[in-house]
Every structure is written in structure tokens, then in C-alpha cells.
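A.B. asks: Pasting a structure below so you can have a look.
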Amino acid sequence: MTHTLDTAVREYLLQSGDDSPARYQSAYTAGFAAFRELGFDVSGVPQVHILELSDTDSALLPDGYIRWTRVGALIGGNKIVDLGINNNLLPPGTVVNNCGNNTIATQTSAVGGNNAFWPYFYGGGSYDSPADNWRNGEFMGRLFGAGGGTNANGYFKVFPENGTIQFENPRSREIIMECLVDAAADASGNFVIHPFLIEPIKAGAHWNMIKFNKYVSGSEKASAEGLWLKAKRHAKSQFLAPNIDTFYQFIRAANSPSPKM
Amino acid sequence: MTKYRLAEQCALIINGGMPQPDAPVQVQDLLLAVSQAMATVIKATYLQNLQETRAIDGSLIYTYKVALEKDCDRNKVFFTMPSTYLGSLPHEIGVYNVAFLKHEDNFWVNIGNSGLGMLAGLQFSAMGGRAQFWIESNRAYTSLPISSEGETVLIKLVAAYDGLPMDTPLNIPADIEAMIIQQVLAIYREQQDRPQDTTDDNQKLANTGAAK
């Protein structure tokens, strides 16, 4: 069964003695505030997105983007290779090219040569290209100076203020972004919640409903706040607790035989 | 029990236990007071029980079916409230439940008269995808699309006695009945204690010889 903010709010209303939706709007608003806070403090939702690259090697960040945890290029259909960070990149649309289009020239040295034959070397913008190592119609076989701390898989820089990400010579056009997003940014309004968050949302809804009400006594407010903080801590420990598989893997690794000398 | 029988009982008590055709207070006079007393008593009972529960006794809830209509000026769909209901309660709980007739499990949310503006642009404005409504006098406007015109809505109102004929059987608990009668009697006893004008004006005029 899928748990949503709606089900948690109705559960709270029923538990607090309502069998009418008359207070639903207030409770939903309060529950949403709790849900949003939990998203930032406890459960920040990890998601994986496939980014669509534009002609200028830029892409839009996912809705509700908070921060990235991994950005990589998908190669061979099943392998992710990490991209590097290049803080010198400009946000998309800040440079006007000769044609009058807003774009950024990110192709630096991949000039000439055979793309099909040299896909690897075309990946990193800072590499010498094969053309630089071609003498008298013959490839010299060495790319002196290649490497030098550059990333053959390409680079990126995130511009959260624009909601965009700019790439430089990514290894492939399929970019995978693992990131934390604000679950509350779901525009459909039917927020799916983790089972660990049901009780904290109920406690948070109650706390949020009374915390700005000047007619509720201080002791009741203190009690509700304590309940909310306790539920939040509990959820956090639930999220952080290792599961049985983790322990199993640990034991198995610890018992692996050491190589004989 | 019906509204008429309650009013009749009140009339008997006020008039000394005997039905008198020329008594100053007649059953018809009391019918209005009975409806008003019902709402007052139910509201008082609700507020008394608030610490225990916010639920309202099912025997006090009246269900109506109405069709959605179109307000072209405002580009909104609305339904006409079929009766008055228990008002002046927090969160307009007098309108106990509203939903499409065939989808009672998917209740609508009362967002209040400024709800559309207050919720505009907020992340949770969709309220989980539920239909929204707000009450303006005897109409309830909705957030539904115009194409919903003609659909039937199921409305549950608390103490909606105003819209009931006086001979409709009511399912009111006996203790509430007693409180309603006491409430009506309190109003009329006060009236009876006041000085009464018992002089027949026609007779007085005849004795003085003045023109009628």
C-alpha cells in the first residue's frame, strides 16, 4: 500500500476525534509543513534522473533539486562513469556565439581525427587530440602530456540558481544524475511518503496546528513540540539503521579467507 | 417525533395542559421556535462534548442530493444549499460532508471564501487532488471544471431542520427533545410573565361611541 500525505493527515484527524473533513484543510497544511521539514532534516529523497542534454551540452535540473550526490555519463548502456567538476564553466546562455545564438563553446581541442576510432581521447576536452600527434600521415602512437589531472569522461558545473547544469565534453549524451530532491516539490499534490514518516507527520501536523494558536496553553504546546521532536529523532534513527543485508555482507566480508603467501 | 408534535407539546404546556382554540400561543407560532431551539441545543451539546470528540451524532445529520449548476459570470460550478444548517461552528462543521453521489469515499475540502487566493501558488494547493468548495450564503461554489455541470452532489448537513416539512419523522434522542422543549418554554414563559393587553379594543370603541 502506498502511503501519502493525505492518508497520514486523515489518520491524524481520526485519531484526534474527527470524523468529518471539516478540519482537513488546516490539518493538511500543517501536515505538509511537517512533511517538508522532515524532507530537509531527515529523509531528503534520493532520486536518479537521466538528463536530456541540449545542443549546448546543458540540461535542466530535476524539480525540487537540493544537491547532487553523483553525476556520471552512461556508457555501454549499463555503466556509469563519473564526470569531474569544472568551476570555470559558465551557465548556459551567457555567451553569444558568432551566429547570435546564446550558447557556450565547450568543444576545446577535439579537432580533426576520426571520432569513431578515437572515442576515448575525444572525451576529455583538455587532452591533446590525435590530430596533434599525427605526423606525415602516420599516428605517432603516443599522446604525450595526456592526463595531467583531466577527466576523460568530461566535466560539469551545477547552477542551482538557474536550475541548470552545464557539461563540457561529456563522455556520452546520456547523463545520469543522482541527487537529493525536495519531495514536497511534487506538483501533482499527492505526496508519497515513506512509512517511517507517517508517525512524525501526524505529530508534526498536531504541533503545527497549535504552535501559532495563542489560545492553546503553553504546556500543551510544549508537550506537542516534544512529541514532534521525538518522532523526528526516531524517524532519523530508523533511516540510519543498517538493515540485515548490511550486517550479512559485513560478516561475509570479514570471514573471507586471506590469500596464502 | 416530528417538528409539529414537538411544537404541539410545547403549546400544551404553555396553555396549561388543555388545547384551547383561542389561546394566545398556537402550535403554528411555535414551529419556528422549535427549529431554532433544535439548532441551539445541538450546538450547545456539541461544544460540551468537544473535549471528548468532534464527531456529531449521526441522528442529527440530514442528507440531500443536489445537482451542480453553472455560473457563467464567474466561470464556476456551484450547488444551492438545500437547507440551513448548524452554523457558527469552527471550520463550518455544520456542512459535515460533501462528495459526488457515487463517490462518497472521496470527500471534498472546504477551503473557505478566500481559499482560492490563499492557496494560489502553494505547493500543496491541490490538496491531494480533492475537489474544493466554499460557501457563499445559500450557494456553495466549487473548484470543479464547468463540464461538471449537472453532476449530482451528496451533501450531509447538521441539524438541517429548516428544509424539512413539519410532519417529517425526526430521529432525535429523547434527552435532546426534552432540552428543545425547555428551550422553547423558556422563551414563551418570559412572554407570559409580561403584562398582557386583555382589553377588547372593538368593545372599548363601541362603548365610547367613536367611529370605527
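A.B. asks: Identify, from the list A:230, A:157, A:211, the residue that is modelled with pLDDT of 90 or more, of a type in the set (D, E, K, R) and either under 22 Å from the mean Cα position of the chain (by Cα) or open to solvent by less than 10 Å² (accessible area, probe 1.4 Å) (or both).
C.D. replies: A:157
A.B. asks: Residues in segment A:162-178: is at least one of a type in the set (S, T, N, Q), assigned to a loop (DSSP other than H, G, I, E, B), within 30 Å of residue A:70 (Cα to Cα) and at pLDDT below 85?
C.D. replies: Yes, that holds for at least one residue.
A.B. asks: Filter segment B:82-114 down to residues that are of a type in the set (A, V, I, L, M), within 12 Å of chain A (Cβ to nearest Cβ) and over 13 Å from the mean Cα position of the chain (by Cα) and give me whichever is surrounded by the fewest Cβ atoms within 10 Å (Cβ to Cβ).
C.D. replies: B:99
A.B. asks: Being at pLDDT below 95, within 22 Å of residue B:43 (Cα to Cα) and part of a loop (DSSP other than H, G, I, E, B) narrows it down to one of B:122, B:170, B:157, B:144, so name that one.
C.D. replies: Being at pLDDT below 95, within 22 Å of residue B:43 (Cα to Cα) and part of a loop (DSSP other than H, G, I, E, B) holds for just one of B:122, B:170, B:157, B:144, which is B:170.
A.B. asks: Testing residue B:78 on (1) over 26 Å from residue B:187 (Cα atoms); (2) under 18 Å from the mean Cα position of the chain (by Cα); (3) open to solvent by less than 20 Å² (accessible area, probe 1.4 Å), one condition comes back false. Which one is that?
C.D. replies: Exception for residue B:78: condition (2).
One line per residue, one yes/no per condition, for (1) modelled with pLDDT of 85 or more; (2) more than 9 Å from chain B (Cβ to nearest Cβ); (3) within 19 Å of residue A:174 (Cα to Cα):
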{"site": "A:5", "(1), (2), (3)": "yes, no, no"}
{"site": "A:9", "(1), (2), (3)": "yes, no, no"}
{"site": "A:22", "(1), (2), (3)": "yes, no, no"}
{"site": "A:26", "(1), (2), (3)": "yes, no, no"}
{"site": "A:29", "(1), (2), (3)": "yes, no, no"}
{"site": "A:44", "(1), (2), (3)": "no, yes, no"}
{"site": "A:51", "(1), (2), (3)": "yes, yes, yes"}
{"site": "A:73", "(1), (2), (3)": "yes, yes, yes"}
{"site": "A:77", "(1), (2), (3)": "no, yes, yes"}
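A.B. asks: Moving to a separate point now. Among the residues that make up segment B:117-129, is at least one of them under 15 Å from residue A:20 (Cα atoms) and within 14 Å of another protein chain (Cβ to nearest Cβ)?
C.D. replies: no
A.B. asks: Additional query: List every residue pair whose Cβ atoms sit under 6 Å apart, with the two residues 6 or more apart in sequence or on different chains, where the first one lies in segment B:32-51 and is within 23 Å of residue B:5 (Cα to Cα) and the second, anywhere, is open to solvent by less than 30 Å² (accessible area, probe 1.4 Å) and among the hydroxyl-bearing types (Ser, Thr, Tyr).
C.D. replies: B:35/B:161; B:38/B:161
A.B. asks: Can you pull out the residues in segment B:115-137 that are within 22 Å of residue B:66 (Cβ to Cβ) and exposed (fewer than 12 other Cβ atoms within 10 Å of the Cβ)?
C.D. replies: B:136, B:137
A.B. asks: Looking at (1) touching a Cys at 6+ places or on another chain (Cβ under 6 Å); (2) assigned to a loop (DSSP other than H, G, I, E, B), find the lone condition where residue B:30 falls short.
C.D. replies: (2)
A.B. asks: Looking only at segment A:6-16, count every residue that is of a type in the set (Asp, Glu) and open to solvent by less than 30 Å² (accessible area, probe 1.4 Å) and tell me the total.
C.D. replies: Total meeting the criteria: 1.
A.B. asks: Restricting to segment A:17-32, and then to whatever is open to solvent by 40 Å² or more (accessible area, probe 1.4 Å) and touching a residue at least 12 places away in the same chain (Cβ under 8 Å), can you tell me which residue is nearest to residue B:135 (Cα to Cα)?
C.D. replies: Among them, the one singled out is A:26.
A.B. asks: If you don't mind, another one. Looking at B:31, B:68, B:60, B:50, which one is touching a helix residue (DSSP H, G or I) at 6+ places or on another chain (Cβ under 8 Å) and within 14 Å of chain A (Cβ to nearest Cβ)?
C.D. replies: Every option except B:60 fails the conditions.
The values are calculated or read from the model by the stated rules, or taken from the named source; none is laboratory data. Everything quoted here is computed from the prediction, not taken from an experiment. Cβ coordinates were reconstructed from backbone atoms using ideal geometry, including for glycine residues, and neighbour counts include every protein chain displayed. Just the protein is used for accessible areas: all its heavy atoms, side chains included, with ligands, DNA and RNA removed. Shrake-Rupley method; radii C 1.70, N 1.55, O 1.52, S 1.80 Å.
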